[in-house]
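A.B. asks: Below: one structure in structure tokens.
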Amino acid sequence: MANQQALSISTFKCYVSGFRLLYADGSSTTNKDYHLLDIERPETFRFNVGGDPKKLLSKISFNIGIDSLTSVSGAMPGDLDPAKGMFWAWQSGYINLKIEGISPLCQTRKNEFQFHIGGYLEPNDALREIELETTRSEITIDFEPFFSQIKLSRQNSVMIPGKAAMQLADLSVKMFHPE
């Protein structure tokens, strides 16, 4: 990592939603489904958002997180089921992104860090949109751009909506890249 932070990620869960495929001819396809990426379930990283395979792709856009309307609609089935561990019981709404692990830089019990990023009310709306220029439909996730901007010795726990969560939500978009 750029700032030499050694770490191990034990939990990574992230909602991606609102996919829009933009083609070279100016047309587009939209898929409003929600997908929960879960590092403990590798199959969750492969899913089809539709589209026309015969058209040349130029951009993919999507959201990290759950929109406010869905957040206030209460618990839902499928990937939005609270049993998946991404719904706050103490506050209505979903956790958009959860990253947990250990680092010797964390001066916490067992050197643990926890980032649960969420919130849907302004000014703490953690939903972030990403637009990637690409001709391929594969996207990769790289944690280095996220963690290189965080000093784990000082910031190692964010568990509620607020300024710190919004800063981490802004950093989260840097993890996603076209393959």
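The values are calculated or read from the model by the stated rules, or taken from the named source; none is laboratory data. What you are looking at is a predicted structure, and each value in this text was computed from that prediction instead of being measured. Every residue, glycine as well, gets a Cβ built from its backbone with ideal geometry; the counts of neighbours run over all protein chains shown. Accessible surface is based on the protein model in full, side chains and every heavy atom, while ligands, DNA and RNA are left aside. Shrake-Rupley method; radii C 1.70, N 1.55, O 1.52, S 1.80 Å.
A.B. asks: Determine which member of the set Lys13, Lys32 is crowded, with 19+ Cβ neighbours inside 10 Å, among the basic types (Lys, Arg) and either modelled with pLDDT of 95 or more or not in a loop (DSSP other than H, G, I, E, B) (or both).
C.D. replies: That would be Lys13, the only listed residue that is crowded, with 19+ Cβ neighbours inside 10 Å, among the basic types (Lys, Arg) and either modelled with pLDDT of 95 or more or not in a loop (DSSP other than H, G, I, E, B) (or both).
A.B. asks: Right, next: What are the residues in segment 19-28 that are open to solvent by 30 Å² or more (accessible area, probe 1.4 Å) and under 30 Å from Pro82 (Cβ atoms), if any?
C.D. replies: Across segment 19-28, the qualifying residue is only Arg20.
A.B. asks: A further question follows. Identify all residues within segment 109-125 that are open to solvent by 30 Å² or more (accessible area, probe 1.4 Å) and in a strand (DSSP E or B); write none if there are none.
C.D. replies: Glu112, Gln114, listed by residue number.
A.B. asks: Name the residue that is least open to solvent (accessible area, probe 1.4 Å), counting only residues in segment 126-136 that are touching a helix residue (DSSP H, G or I) at 6+ places or on another chain (Cβ under 9 Å) and either assigned to a loop (DSSP other than H, G, I, E, B) or closer than 21 Å to Gln107 by Cα (or both).
C.D. replies: Result: Ala126.
A.B. asks: Which members of segment 60-73 meet the condition of being under 16 Å from the mean Cα position of the chain (by Cα) and assigned to a loop (DSSP other than H, G, I, E, B)?
C.D. replies: Gly65, Ile66, Asp67
A.B. asks: Report every pair of residues separated by at least 6 positions or lying on different chains whose Cβ atoms are under 6 Å apart, first residue within segment 5-34 and without any contact (Cβ under 8 Å) to a residue 40 or more places away in the chain, second outside any strand (DSSP E or B) and small (Gly, Ala, Ser).
C.D. replies: Thr29/Gly50; Thr29/Gly51; Asn31/Gly50
A.B. asks: Another question, then. If you go through segment 60-70, how many residues are out of contact with any Leu (no Cβ under 8 Å at 6 or more places or on another chain) and buried (at least 16 other Cβ atoms within 10 Å of the Cβ)?
C.D. replies: Residues in segment 60-70 being out of contact with any Leu (no Cβ under 8 Å at 6 or more places or on another chain) and buried (at least 16 other Cβ atoms within 10 Å of the Cβ): 1 in total.
A.B. asks: For segment 38-59, how many residues meet the condition of being surrounded by 13 or more Cβ atoms within 10 Å (Cβ to Cβ), within 19 Å of the chain's Cα centre (by Cα) and assigned to a strand (DSSP E or B)?
C.D. replies: Residues flagged as surrounded by 13 or more Cβ atoms within 10 Å (Cβ to Cβ), within 19 Å of the chain's Cα centre (by Cα) and assigned to a strand (DSSP E or B) within segment 38-59 amount to 2.
A.B. asks: Do we have Leu168 as among the aliphatic types (A, V, I, L, M), buried (at least 16 other Cβ atoms within 10 Å of the Cβ) and in a helix (DSSP H, G or I) here?
C.D. replies: The answer is yes for Leu168.
A.B. asks: So, in segment 74-102, of the ones that are touching a helix residue (DSSP H, G or I) at 6+ places or on another chain (Cβ under 6 Å) and either hydrophobic (A, V, I, L, M, F, W, C) or assigned to a loop (DSSP other than H, G, I, E, B) (or both), which residue ends up farthest from Lys174 (Cα to Cα)?
C.D. replies: Across segment 74-102, the extreme among qualifying residues is Ala75.
A.B. asks: Does segment 137-147 hold any residues that are farther than 30 Å from Pro53 by Cα, surrounded by 15 or more Cβ atoms within 10 Å (Cβ to Cβ) and more than 13 Å from the chain's Cα centre (by Cα), and which are they?
C.D. replies: Residues satisfying the conditions are Pro145, Phe147.
A.B. asks: Tally time: how many residues in segment 71-92 are in contact with a Phe, Trp or Tyr (Cβ under 9 Å, 6 or more places away or on another chain), surrounded by 15 or more Cβ atoms within 10 Å (Cβ to Cβ) and in contact (Cβ under 8 Å) with a residue 40 or more places away in the chain?
C.D. replies: 4
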